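Structure record follows, encoded as structure tokens.
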Amino acid sequence: MKANGILALLTDFGTSDWYVASIKAAALSSNSAVQLVDITHEISPGSISEGAFVLSRCFNDFPAGTTFVVVVDPGVGTTRSPVIVEAGDYFFVGPDNGVLYPAISQLTIRDQVRIESEAWMGRKTSATFHGRDIFAPAGSCAASGVPIQEAGATADDLVPFEFPQPQELDGRTTGQFLYFDRFGNGLTNLLPDHVNGSKLAGLRVKDTVFPLATTFGQVEVGEPVCYWGSSGFLEAAIREGNAKTGFQLSEISKVEPVY
């Protein structure tokens, strides 16, 4: 597979500091011709689950040959390995801590290597900023078409990460939230296969039923609603409001289909 020169960045660095600028500078210093694209830099600090979910939802929107640099790395500087994975039509660069796993597990893995060669690293070194010193330069090399086998030796089995699955008990299905977007809409782990779509009437969240609708406009402003979101999951929201704060929800909040 041929890299296309696009380098897509996903981190938990935020945008109030210089960290994103530094990783972009490191990538461009390795090859000024790479095309940088921001997925997001607003992943909750250290949230492997959140970073993995966002990557898994959007990577296949990109053209074949795209390289992803994912830096959500609470174990930076420890024994976890920096890796490059060629999977499907894409390249993935990041820490081997599970953050890449839900995306690459959907694909056929062609190769996976540890980043060991100094030629694939940046000019600076530190124990706490591998996004700048390792991942961004390595991603730039991969995006430029340099064979990833030159980066280092074959990596061992990658650290797995699985999202919680809906549970069945006494004929009842229960799920939970996987992610909340900036609007406070909650994406559950319920897919069409998990529910009887022809009879689904809504979603019970705590003591409130969120009625099923196709669009937000089918309920009044401030009213709860659930719908099949663009990601394929059943979502819960408040029209022109914030379901997460309004109902004090979190990733462990349980949900149940209502028929």
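Each value in this text was obtained by applying a stated rule to the coordinates, not by laboratory testing. As the structure is a prediction and not an experimental result, all values here were calculated from the model. No Cβ is skipped: glycine too gets one built from the backbone with ideal geometry, and neighbour counts run over all protein chains shown.
So how strong a dipole does the range 6-151 carry about its Cα centre when Lys and Arg Cβ are +1 and Asp and Glu Cβ are -1, to the nearest 20 debye? Present the calculation step by step, with values, prior to reporting the outcome.
On the way: 8 positive and 15 negative charges, 36 e Å.
That gives the range 6-151 a dipole magnitude of about 180 debye.
What FRET efficiency comes out for the pair Phe183/Gln106, r = Cβ-Cβ distance, R0 = 25 Å, nearest 0.05? Please report the intermediate quantities before stating the final value.
Numbers: r = 26 Å, r/R0 = 1.04.
Rounded to the nearest 0.05, the efficiency is 0.45.
Extension gain for Asn196-Ser126 works out to 20.0 nm (0.36 nm per residue, less the C-alpha to C-alpha distance).
Compared with the alpha-carbon gap, the fully stretched path from Glu240 to Glu150 is longer by 27.3 nm at 0.36 nm per residue. Computed from Cα atoms, the angle from the helix 48-58 axis to the main principal axis of the chain rounds to 90 degrees.
If r is the Cβ-Cβ distance from Ser117 to Lys254 and R0 is 51 Å, what FRET efficiency results, to the nearest 0.05? Each step should come with its number before you reach the end.
Details: r = 47 Å, r/R0 = 0.93.
About 0.60, to the nearest 0.05.
Enumerate by residue number the trypsin sites (Lys or Arg not before Pro) in the range 1-110 meeting two conditions: DSSP loop (anything except H, G, I, E, B), and at most 14 other Cβ atoms within 10 Å of the site's Cβ. Please list the in-between numbers first.
Numbers: sites: Lys2, Lys24, Arg57, Arg80, Arg110; in loops: Lys2, Arg80.
Passing sites in the range 1-110 are Lys2.
Thr214 to Cys58: extension gain in nm, 0.36 nm per residue of separation minus the Cα-Cα distance? Difference between extended and current length: 53.9 nm.
With contacts taken as Cα pairs under 8 Å at a separation of at least 6 residues, the range 1-94 carries a relative contact order of 37 percent.
Listed values for the range 168-185 are Karplus-derived 3J(HN,Hα) couplings in whole Hz (6.51 cos²θ - 1.76 cosθ + 1.60, θ = phi - 60°), namely 10, 8, 6, x, 10, 9, 10, x, 8, 7, 9, 6, 10, 7, 5, 8, x, 6, and x replaces Gly and Pro.
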